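The values are calculated or read from the model by the stated rules, or taken from the named source; none is laboratory data. For clarity, every value in this text was computed on a predicted model and none was experimentally measured. Cβ atoms come from the backbone with ideal geometry, glycine included; neighbour counts cover every protein chain shown. For the accessible areas, the whole protein counts, side chains as well, though only heavy atoms, and no ligand, DNA or RNA atoms are used. Shrake-Rupley method; radii C 1.70, N 1.55, O 1.52, S 1.80 Å.
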Amino acid sequence: MSLPRRPGMTVPLAGPLHAQRDRIVELADMGFTDVWSAESDAGDGLTPLALTSVWEPRLRLGTAILPAYTRTPACMVQSAASMADAAPGRFVLGIGSSSNVIVERWNGVPFEEPYKKVRDVVRFARDAFSGEKITKQYDTFEIQGFRLGLRPEQTPPIVVAALREGMLKMAGREADGAITNWLGADDVPTVAAALREGAGGEDRELVARIFVCPSENAEVVRAGARRAIAAYMNVPVYAAFQEWLGRGDELAGMWAAWKAGDRKQALAEIPDSVVDALVVHGSPAECRATIDRYFDNGVTTTSLAVLPFDPDLDAWDAITSLAPNAG
């Protein structure tokens, strides 16, 4: 892999958004190169990046992700163009399907044909960034006479949220890379191979959101991690991802108990091996070594998400202990 390693952090950080400027600057001082936002049920995916673009010009800014369904196609490219214009050469547009929970249950939008929807939004964004007037029938929507009125100095790269082979290959073929999460370091070669195959053997950026809790209180961390894993892995897209990665047998008991309505038993059915693969924990040095394995196995960019499973762990101290220049 010839692409540079880019250690990143998930934003916003803990606490009020308006008070994070000094911490954002410190991230760059500590050797982080990127910040990646999320968009589900808290803040939107762009405001933290807009603030960061002004607060700290050393950091690259990425969305991981903006759901393809919850903004109209024209609104999506206007948002992206605005961020790219505010931070020339430093913004990466991450687009994904999100999940049926976020799209359908929380936003009231039908979660239909996610593969085609994401592909079409990516294609439309490419078309729109060209500056041409677009009148075109895509598979999942039609555009009549739209021209993007704001042309950023540098067109932002596009990366696609991808969990399984089909979407990963599409990300390699149609975009500049892929974003993934809820995978272990040893899963990376499987994911990277599908992305590279879709790209015809060419290099593509592979962004991974990695969940981390730098604590040696293993039982407390595992208890919290089990709740997070159960919440995610019963969402169909994540369940299918874990099956594709080969964890179907390990998670079968959890899925059965959850389907039966026994949440307590579902948690108990998640083996330590799954927890330890999907959530990085241990001493800070052990966590940094595991994060390095993600890079060694094919991840090019990380977006660490520090999880507050240990009540004795200070969130900022945890981030500091994971810094690229720590230790």
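Some points to look at:
- Residues in segment 192-213 that are in contact with a strand residue (DSSP E or B) (Cβ under 6 Å, 6 or more places away or on another chain) and assigned to a helix (DSSP H, G or I) were compared, and the one that is farthest from Leu168 (Cα to Cα) is Ala192.
- Test result for Pro48, assigned to a loop (DSSP other than H, G, I, E, B) and more than 19 Å from Arg105 (Cβ to Cβ): no
- Taken together, Ala277, Ala239, Ala256 contain a single residue that is more than 25 Å from Ala38 (Cα to Cα), of a type in the set (A, V, I, L, M, F, W, C) and either assigned to a helix (DSSP H, G or I) or out of contact with any Asp or Glu (no Cβ under 9 Å at 6 or more places or on another chain) (or both), which is Ala256.
- Exactly one residue out of Arg147, Arg173 is open to solvent by 80 Å² or more (accessible area, probe 1.4 Å), at pLDDT 95 or above, within 30 Å of Met233 (Cβ to Cβ) and of a type outside the set (S, T, N, Q): that is Arg173.
- Looking across segment 75-97 at every residue that is among the polar types (S, T, N, Q) and touching a residue at least 60 places away in the same chain (Cβ under 8 Å), the one that is farthest from Met170 (Cα to Cα) is identified as Ser82.
- Exactly one residue among Thr135, Thr190 is open to solvent by 10 Å² or more (accessible area, probe 1.4 Å), touching a Gly at 6+ places or on another chain (Cβ under 9 Å) and free of Cβ contacts under 8 Å to residues at least 12 places away in the same chain, and that residue is Thr135.
- Unique match (being open to solvent by less than 10 Å² (accessible area, probe 1.4 Å) and without any contact (Cβ under 8 Å) to a residue 40 or more places away in the chain) among Leu59, Leu51: Leu59
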